[in-house]
Amino acid sequence: MTNFDVYLADAKTVAIAGHVRPDGDCAGSCLATYNYIKNYFPHVKVDLYLEPIPNIFKFMKRSEEILSEWPDDRKYDLFIAQDCGDAKRLGNAAKYFESAEHTICVDHHVSNHGFADENVILPDASSACEVLCSLMDPEKINKKGGKGAIAGDAVFDEVEPIVEAITPVPGGVGSVTTSVLVGHVVEAAMRKFA
């Protein structure tokens, strides 16, 4: 698989979902795909299913359109699973995966053995967002997406030419950041058990 566009050109209905208890990479990659389809394939009826996302990720475009209920047995032409190691981790959205005409999995976890019809699994990638960048037309990324079109971890040198804004962490997360994070964890634990 080289590009989503090949599959999206003929699809009439698409479902997107990520793993249960979505983190930033899951929410970011799923919303990026959702926005890409909404912006460039307006003929496609697209639904994004995730459990409720943390408030910190709600700055991303169209996050308010995420569906967190699975009320019926809809059938989709295409189901895109992202940042998810197996169909069970899709939670309640797994029923849409199982009944879809065609399935694609976009992931970076080494434990993923390829559970979809088409699998793009790059274990050396830092995130599903990084894998996703290789599947989208670079001319379209961030053109209409605007702020927060794709949000997630990535290898700076590989994504810098195609993104609107990026915040690098030179040399990775350092001792100060690690210390602050550990301090937050200790403070949270103390509050919980106080």
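Here are the numbers for this structure:
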| read-out | value |
| --- | --- |
| Failed condition for Ala81, given (1) within 14 Å of the chain's Cα centre (by Cα); (2) modelled with pLDDT under 95 | (2) |
| Breaking point among (1) in a helix (DSSP H, G or I); (2) without any contact (Cβ under 8 Å) to a residue 40 or more places away in the chain, for Ala32 | (2) |
| Those residues of region 87-125 which are in a loop (DSSP other than H, G, I, E, B) and β-branched (Val, Ile, Thr), in sequence order | Val110 |
| Answer residue from region 4-26, given it is among the aliphatic types (A, V, I, L, M) and at pLDDT 90 or above and is surrounded by the fewest Cβ atoms within 10 Å (Cβ to Cβ) among those | Val20 |
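For every residue, the table says whether it meets (1) of a type in the set (Val, Ile, Thr); (2) within 24 Å of Ile56 (Cβ to Cβ); (3) under 8 Å from the mean Cα position of the chain (by Cα); (4) assigned to a helix (DSSP H, G or I).
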| site | (1), (2), (3), (4) |
| --- | --- |
| Val14 | yes, no, no, no |
| Val20 | yes, yes, no, no |
| Cys26 | no, yes, yes, yes |
| Pro42 | no, no, no, no |
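Here is a yes/no grid of residues against (1) in a loop (DSSP other than H, G, I, E, B); (2) farther than 15 Å from Tyr7 by Cβ; (3) open to solvent by 40 Å² or more (accessible area, probe 1.4 Å); (4) in contact (Cβ under 8 Å) with a residue 40 or more places away in the chain:
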position	(1), (2), (3), (4)
Ile37	no, no, no, no
Ile56	no, yes, yes, no
Met60	yes, yes, no, yes
Lys75	yes, yes, yes, yes
Phe79	no, no, no, yes
Gly85	yes, yes, no, yes
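The values are calculated or read from the model by the stated rules, or taken from the named source; none is laboratory data. None of the values given here were measured: they were computed from a predicted structure. As a convention, Cβ positions derive from the backbone with ideal geometry for all residues, glycine included, and neighbour counts pool all protein chains shown. Side chains included, ligands, DNA and RNA excluded: accessible areas come from the protein's heavy atoms. Shrake-Rupley method; radii C 1.70, N 1.55, O 1.52, S 1.80 Å.
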